[in-house]
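Here's the structure we're looking at; comments come further down.
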Amino acid sequence: QNKENAAPVQQEAAAESDLEEFDTPETDWSDFDEDSVQFSRRDNEKTAREGGVKFSLRAFEDGRRYVDVQADQEKFDGLSVAEKNKTAKTIIQRRFVGRVIGLENKVFVNGDSASEYVHPSKNITPDIREAKMRAAPELDNLLDAGFNFRNAPDGADGHVHPNVTGGFDYFDAIFKVGSEYYQGVINIMNVKRGKLLKDVTKIRNITKDI
C-alpha cells in the first residue's frame with residue numbers, strides 16, 4: 001500500500017515547444033489561437049519560475065504522482081448529471097480549449113477534446129462519471145501526473161482515425177475526488193505536427209489498492 005506525501009510536487013520548467021507542432025490541418029483546430037497558446041506558454045513558464053508548484057499535484061511514497069482534485073468542486077454540488085456534464089464542458093472550453101496544456105506532458109486541447117471528455121463513447125457508471133466530471137478543472141495536472149507511458153498503432157480499438165500519423169500515446173494518471181482514488185488512461189492522438197488530447201478513459205476506483 002502507498003502513503004500520501006502531503007507536500008506538493010515540485011516541477012521543473014518544461015522546454016518550450018514550437019507552435020507549429022500543434023497546428024495541423026488534419027483535424028478540427030478551429031479553436032487554435034496563437035495568442036491563447038502564447039498566453040498558455042507564459043502562464044506555464046510563470047508557474048515554473050515560481051517554483052513549479054502545482055498545488056493539487058502530489059505524490060505517494062513510491063514516487064507516483066496523483067492529482068488531489070480541489071478546483072471548482074463547489075460548481076458541481078447539487079447538479080443533475082446533465083448539468084454536471086455541461087459544467088465540466090464549460091470549464092474545459094473556457095480554461096483549456098485552444099491552448100497547449102501541461103508543463104511536462106504538453107498536448108493541445110480543442111473543442112473535440114472537450115466534447116469527447118463529457119460524452120464518452122462507452123457507457124460508464126454514475127460514480128465514475130461523477131469523478132470524471134469533477135476532475136475536469138484539473139485536466140492540466142492530470143497530464144503531468146502521468147506514468148506508464150506507451151504507444152499503440154491507430155486502429156487498435158477497432159476505429160481508424162485518418163488524421164493519426166504516429167499512433168496513439170497512452171499513459172495512466174491517478175486522481176483523488178473527495179476521499180476516493182481513481183485511475184484512468186490519458187489518450188493522446190499523434191497527428192502530423194503534434195499531440196492532441198483525445199479523452200480520459202478506463203477510469204476505475206482504486207481506493208482499496210491505495
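Among the protein heavy atoms of the stretch 133-210, carbon and sulfur supply 51% of the accessible surface, probe 1.4 Å, non-protein parts ignored. Entry note, the stretch 128-207: relative contact order of 26 percent, from Cα contacts under 8 Å with a spacing of 6+ residues. Remark: accessible surface ordering of 75, 192, 132 (largest first) is 192, 75, 132, probe radius 1.4 Å. Close amide H contacts of residue 66 (hydrogens built in the peptide plane, cut-off under 5 Å, sequence separation of 5 or more or a different chain): 58, 59, 60.
Report, in listed order, any pair from 106/192; 84/208; 132/195 with a Cα-Cα distance greater than 18 Å. Each step should come with its number before you reach the end.
Details: 106/192 16 Å; 84/208 26 Å; 132/195 22 Å.
From 106/192; 84/208; 132/195, over 18 Å: 84/208; 132/195.
Phi-derived couplings, Karplus 6.51 cos²θ - 1.76 cosθ + 1.60 at θ = phi - 60°, listed residue by residue for the stretch 173-189: 8, 10, 9, 10, 10, x, 9, 9, 9, 9, 10, x, 10, 7, 10, 10, 8 Hz, with x used for Gly and Pro.
In this label model, residue 74 and residue 152 are separated by 4.1 nm, measuring between points 7 Å along each Cα→Cβ vector. Converting phi to 3J(HN,Hα) with the Karplus coefficients 6.51, -1.76 and 1.60 and the offset θ = phi - 60°, the stretch 84-101 yields 5, 4, 5, 5, 4, 5, 4, 4, 4, 4, 6, 9, 10, 5, x, 10, 8, 10 Hz in sequence order, with x at every glycine or proline.
Leaving out ligands, DNA and RNA, and with a 1.4 Å probe, what % of the accessible surface on the stretch 62-102 is carbon or sulfur?
Of the solvent-accessible surface of the stretch 62-102, carbon and sulfur hold 47 percent.
In the context of the full protein assembly, residue 125 retains an accessible surface of approximately 70 Å², using a probe radius of 1.4 Å and ignoring ligands and nucleic acids.
Each label point was placed 7 Å from the Cα along the Cα-to-Cβ direction; for residue 163 and residue 202 their separation is 2.4 nm.
Just the accessible area per residue of the stretch 149-188, please: how many Å² with a 1.4 Å probe? Display every interim value, and only then the final one.
Details: 1760 Å² over 40 residues.
Accessible area per residue, the stretch 149-188: 44 Å².
The values are calculated or read from the model by the stated rules, or taken from the named source; none is laboratory data. In this text, all values refer to a predicted model and were calculated from it rather than measured experimentally. Reconstructed Cβ throughout: ideal geometry from the backbone, glycine too, with neighbour counts over all protein chains shown. We work out accessible area using only protein heavy atoms, side chains counted, and drop any ligands, DNA or RNA first. Shrake-Rupley method; radii C 1.70, N 1.55, O 1.52, S 1.80 Å.
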